[in-house]
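The values are calculated or read from the model by the stated rules, or taken from the named source; none is laboratory data. Everything numeric here is computed off the predicted structure, so don't read it as measured data. Glycine also receives a Cβ, built like all others from the backbone with ideal geometry; neighbour counts cover every protein chain displayed.
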Amino acid sequence: MPEDFSKAINGITISLHQGDITRENAEAIVNAANSSLMGGGGVDGAIHRAAGPALKEECKQIKAMQGPCAPGNAVITGGGNLKAQYVIHTVRPIWRGGVTNENQILSNAYRNSLQLAVENQIASVAFPSISTGAYGYPLAEAAAVAMAAVKAFIIQIDQGAALKQVRFVLFDDFTYQAYKEALAKL
């Protein structure tokens, strides 16, 4: 397993870790959700299984109040049985060859997730690699969009914000290396 890699921007550390996001000790983890918020495959299903039924109940309540969550938007729930106190659910774009505004939607998913973290005074947030599994987003491009979005957000937030760490928890070495390349280029 590779050693963690990090870079600080404006007093906030962006770091990479290879592992299982459901075991992450961050204050909030981000779920790469579908618009129903009801769980699914990949990281979405793993987070729902690990968090237990309380997470699904909160997601049902949110969906009942506001309907499906649009791609690029985000909502926050408690963490259920996870180590993380919160789960930020962001709806990922489906890759369609880059012709349906996927880059902007993916960037919005990161920005809106981080905005919820700041609004809820969360100090540490952990992201998976959003949209690169079943949703087919090319890994290197997704990593570059993720890093650019996180950097742009960090540069513009108030220095008094609670946010101090943005961590990417990446499931395998191939994904870790793609994100390491993107972070090194920042």
Filter result for the condition that a residue is in a loop (DSSP other than H, G, I, E, B), modelled with pLDDT of 95 or more, within 17 Å of residue 14 (Cα to Cα) and over 13 Å from the mean Cα position of the chain (by Cα), over 178, 162, 148, 144: 162
Any hit, the stretch 21-33, residues being at negative phi, modelled with pLDDT under 95, touching a Lys or Arg at 6+ places or on another chain (Cβ under 7 Å) and not charged (D, E, K, R): yes
Selection count where residues are over 22 Å from residue 95 (Cα atoms), in contact (Cβ under 8 Å) with a residue 60 or more places away in the chain, out of contact with any Leu (no Cβ under 9 Å at 6 or more places or on another chain) and of a type outside the set (Val, Ile, Thr), scope the stretch 134-172: 3
Whichever residue in the stretch 77-98 is of a type in the set (Gly, Ala, Ser) and at pLDDT 95 or above and, among such residues, is farthest from the chain's Cα centre (by Cα): 80
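Give me the strands (runs of 3 or more DSSP E) completely within the stretch 26-127, filtered to those with at least 2 residues that are over 18 Å from residue 154 (Cα atoms), ordered by residue number.
Details: elements: 28-33, 74-78, 86-91, 124-127.
Correct list: 28-33, 74-78, 86-91.
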Yes/no for residue 67 being exposed (fewer than 14 other Cβ atoms within 10 Å of the Cβ), at positive phi and not aromatic (Phe, Trp, Tyr): yes
Count - residues of the stretch 14-25 that are part of a strand (DSSP E or B) and either among the small types (Gly, Ala, Ser) or closer than 24 Å to residue 105 by Cα (or both): 3
Verdict on residue 154 being assigned to a helix (DSSP H, G or I) and in contact with a Ser or Thr (Cβ under 8 Å, 6 or more places away or on another chain): no
